[in-house]
1. Please give the number of the condition residue 159 fails out of (1) within 16 Å of residue 96 (Cβ to Cβ); (2) surrounded by fewer than 16 Cβ atoms within 10 Å (Cβ to Cβ).
2. Scan region 105-127 for residues that are assigned to a helix (DSSP H, G or I), aliphatic (A, V, I, L, M) and more than 9 Å from ligand 1 (Cβ to nearest atom) and jot them down.
3. Which one of the conditions (1) farther than 25 Å from residue 48 by Cβ; (2) away from ligand 1 (no atom under 16 Å from the Cβ); (3) in contact with a helix residue (DSSP H, G or I) (Cβ under 6 Å, 6 or more places away or on another chain) does residue 204 fail to meet, given that it meets all the rest?
4. Has region 79-91 got any residue that is among the polar types (S, T, N, Q), within 28 Å of residue 42 (Cα to Cα) and either touching a residue at least 60 places away in the same chain (Cβ under 8 Å) or surrounded by 15 or more Cβ atoms within 10 Å (Cβ to Cβ) (or both)?
5. Taking region 162-176 only, how many residues are in contact (Cβ under 8 Å) with a residue 40 or more places away in the chain, more than 13 Å from residue 138 (Cα to Cα) and either part of a loop (DSSP other than H, G, I, E, B) or away from ligand 1 (no atom under 16 Å from the Cβ) (or both)?
6. Sort out which residues of region 128-151 are within 10 Å of ligand 1 (Cβ to nearest atom) and polar (S, T, N, Q), and write them in order of number.
7. If you take the residues in region 110-136 that are surrounded by 19 or more Cβ atoms within 10 Å (Cβ to Cβ) and over 13 Å from residue 18 (Cβ atoms), which one is farthest from ligand 2 (Cβ to nearest atom)?
8. Only one of 110, 163, 174, 119 is modelled with pLDDT under 90, hydroxyl-bearing (Ser, Thr, Tyr) and at negative phi; which?
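The values are calculated or read from the model by the stated rules, or taken from the named source; none is laboratory data. On a predicted model such as this, the values are computed, not experimentally measured, just so you know. Every residue, glycine as well, gets a Cβ built from its backbone with ideal geometry; the counts of neighbours run over all protein chains shown.
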Amino acid sequence: MTAKGSLYLLPEPNLDEMPSSWLIRVAQLHGVSVKELLAGIGVTRSRDLDIAFASRAIGRLTRGVDLNVGRLHLISRIFGPFRNERWMKVWLRKDTRQQLTTGFCPNCLSEDYEPYWRSVWRFRYWVACPTHRRRLLDACAGCSRLIQIDRYINRPATPSAESFLTVCVHCGESLMFGGSQDEPLSPVLATMAIDLQRVVTAALFHNGFQVVGIPEKVPVSFLPSVLIAGALPGESMECDPDPRLIDEIRSAISYASRSGARGIRRKSEIYVAQSSSYRVWKGDVAKLAEKVIELRFLKLLDSSVDLREAVFDNSK
Ligand SMILES: [Zn+2]
Ligand SMILES: [Zn+2]
């Protein structure tokens, strides 16, 4: 590092890079830990760096540096909704002790010219890599421990030619070769999961989403309800639910905008029942989000699930 308060050499962030991944790369380049890096520029550490990585921190990091600041705002944007909506934390990967963790695709890491972690790897619904059509891993193949982001952030600087991001912080095993023995994904289920992952990610990035048949942007807090109702990805990045639900969704949106309610919450507990024609989909948004991850993402990768059940019976 050079003059106090500014960094003169910053690697360009990739557009789909997790902000903490970029910070880990910056720190490694300067031979310090992320903790020291942030302390050096007067940014207070917060529990979740990716969510906290907003205008102020970006401004301080890039003071006097020749770097495309717009790119940094862009990579922080997907975490924007997490700053305002508490229930959204349900989407994030954590271990049993609530430590933040990330998934990873060994193939992506090994093919990167300069390896980096993708933002979407932090999300529990991101279960399959669309590039390599394989299951995302969340644990080291050597020691089976989860990849805790904080361990990398607090990691003291040690000279290493290898990127910290490709090595297990516990046992030193490479993360680039794990899981080659994975069972292959069913092509149909993988496609479904990958299409749906894209819809959810676009909704996070835009802090809202489009539903076929509804002209206005639907708030992101409605996403779990619409997905539980069985909506399928539409042609572009929109949801295409049962058309009979459209009027109900519209009235719920207008109710929510008048009352300030988040999502569809006419009942205090989750209520997902199969009626003769379509599913009922009201309930607490965090609980619905939890159900969505289980039924519409994790279940798709369960090899014991038969396809018909996965597609048509996501009501249980
Ligand atoms: Zn991949
Ligand atoms: Zn390990």
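1. Of the numbered conditions (1) within 16 Å of residue 96 (Cβ to Cβ); (2) surrounded by fewer than 16 Cβ atoms within 10 Å (Cβ to Cβ), the odd one out for residue 159 is (1).
2. Correct list: 120 only.
3. (1)
4. no
5. Looking only at that region, the number is 2.
6. 131
7. Top of the filtered list is 125.
8. Exactly one of 110, 163, 174, 119 is modelled with pLDDT under 90, hydroxyl-bearing (Ser, Thr, Tyr) and at negative phi, namely 163.
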